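The values are calculated or read from the model by the stated rules, or taken from the named source; none is laboratory data. Bear in mind the structure is a predicted one, so any value in this text is a computation, not a measurement. Cβ: placed from backbone, ideal geometry, glycine included. Neighbour counts: every protein chain shown. When the accessible area is computed, the model is the full protein with side chains, heavy atoms only, and any ligands, DNA or RNA have been set aside. Shrake-Rupley method; radii C 1.70, N 1.55, O 1.52, S 1.80 Å.
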Amino acid sequence: MAISIAGGVRPGKVIEIERRLYKQLIVGKHKANAMPDELSAELEESANKLDIERKALKMRLEKQAKEKSVYVEVSALLTHTVNNAIEHQLAHPQMILEASAISENQILLLDLLLHPDLNINRLRPIIESINWLSRDLINLINSPASRHRRPKHGDVQVTDIKLVLNYIGIEHLRLLIPYFCLRNWLPSGNANLLWITRKLWRYSMVSAIAAQTLAELHNEEPGLAYSCALMYQFSTSIILSQSGRIFDNTWGTWLREASHSREKQVYDAIMATDFPAEEVLGQVLLHSHRLNWQLLSLLKFDDSPITQVLKELDHDYHFTELSADAAIVAKASCYAKVLLLEEQQQIDPQEKRIMFDYYQFSAQELIRLKGQNFRKLDLL
């Protein structure tokens, strides 16, 4: 006879499955396909070359006992040095905030987009102050996919941000701005993190689409559910970005020093050292949920509905004690974890039932979610 575990304190099996997903995202070796709007062919080529070079070096080192000993020692020291630097930053949230270059205006936009009677003129000066966001919106409206929304002069490029915002409209901006914000916070231009970034981005988008779908089904506010589901990976993105930057800086400095001193064995050992994914996974599991709302609090957004939901999800409430909005985000995150683990054949039917039972999925919710296209968000 099946034992129900609906609601209540999360059982160990649920926690283990949820952590399995994060391990697959950050440590797993499978190479994810790019999302439809991702332009990273050169970075993908660099990542593949780096993987091949490291594998070749490791094979050679394994054949040479002395060099292998140097590799083990140097690699362990490099990983320890990087991990200590990451831990130091995570112990000081203000330091993380300053290093990440996340501004108050970025979070203000997300907060304003939740207001039902928002005027587009209120958004425009804030968007203009964020260069990368203005660029992304202009590029989107000038892309072939959105030509039907532009003037009929086919080759005319729209560059005025006021026109761009008017073409897009408030309702589409409610989807686009959180989407572009999280994408900007994810690690970029880092070959060591390419596959991790792609997997985390897909997980984030599946969660967001699921949250929006569930909110619409239950007549809750879809914009809040969608934004919170994306922001649930806010600090994970920041931790990965900062970890990648620290690793690259340390790795590069050590390589230059080894090259300058002409220590080939040491140089090869440094070159063969992987990004410390296992250690970073530990930091994500330990800090990410708390940092989600702490960073927003440091930016003076304690009263934001987004901050309140993220804070609720960080506390060890019974599932049945969560507010409607937080419960939808938790359910969406669960559904995304199960879907991605199924794709990699890392969850069995019984475990899937345990997850859906704990988060109290109804047959109607599962039918509605099963009908969604989780490969692409209809941006325009």
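Numbers below:
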read-out: For residue 288: the one exception among (1) open to solvent by less than 30 Å² (accessible area, probe 1.4 Å); (2) touching a residue at least 60 places away in the same chain (Cβ under 8 Å); (3) more than 30 Å from residue 141 (Cβ to Cβ); (4) in contact with a helix residue (DSSP H, G or I) (Cβ under 6 Å, 6 or more places away or on another chain); value: (2)
read-out: Flag if residue 252 is open to solvent by 10 Å² or more (accessible area, probe 1.4 Å) and in a helix (DSSP H, G or I); value: yes
read-out: Tally, over region 179-204, of residues that are open to solvent by less than 10 Å² (accessible area, probe 1.4 Å), over 9 Å from the mean Cα position of the chain (by Cα) and under 15 Å from residue 232 (Cβ atoms); value: 1
read-out: Checking residue 25 against (1) at pLDDT below 75; (2) in a helix (DSSP H, G or I); (3) open to solvent by less than 50 Å² (accessible area, probe 1.4 Å), the condition it does not meet; value: (1)
read-out: Tally of residues being at pLDDT below 90 and of a type in the set (Val, Ile, Thr) across region 53-98; value: 2
read-out: Hits in region 340-372 - residues which are in contact (Cβ under 8 Å) with a residue 40 or more places away in the chain and more than 22 Å from residue 12 (Cβ to Cβ); value: 364, 365, 368, 369, 372
read-out: Extreme residue, most open to solvent (accessible area, probe 1.4 Å), among residues of region 215-249 that are part of a loop (DSSP other than H, G, I, E, B) and farther than 17 Å from residue 296 by Cβ; value: 219
read-out: Residue 274 being acidic (Asp, Glu) and under 30 Å from residue 58 (Cα atoms); value: yes
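Yes/no per residue for (1) out of contact with any Asp or Glu (no Cβ under 7 Å at 6 or more places or on another chain); (2) touching a residue at least 12 places away in the same chain (Cβ under 8 Å); (3) of a type in the set (D, E, K, R):
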{"position": "201", "(1), (2), (3)": "yes, yes, no"}
{"position": "207", "(1), (2), (3)": "yes, yes, no"}
{"position": "217", "(1), (2), (3)": "no, yes, no"}
{"position": "223", "(1), (2), (3)": "yes, yes, no"}
{"position": "257", "(1), (2), (3)": "yes, no, yes"}
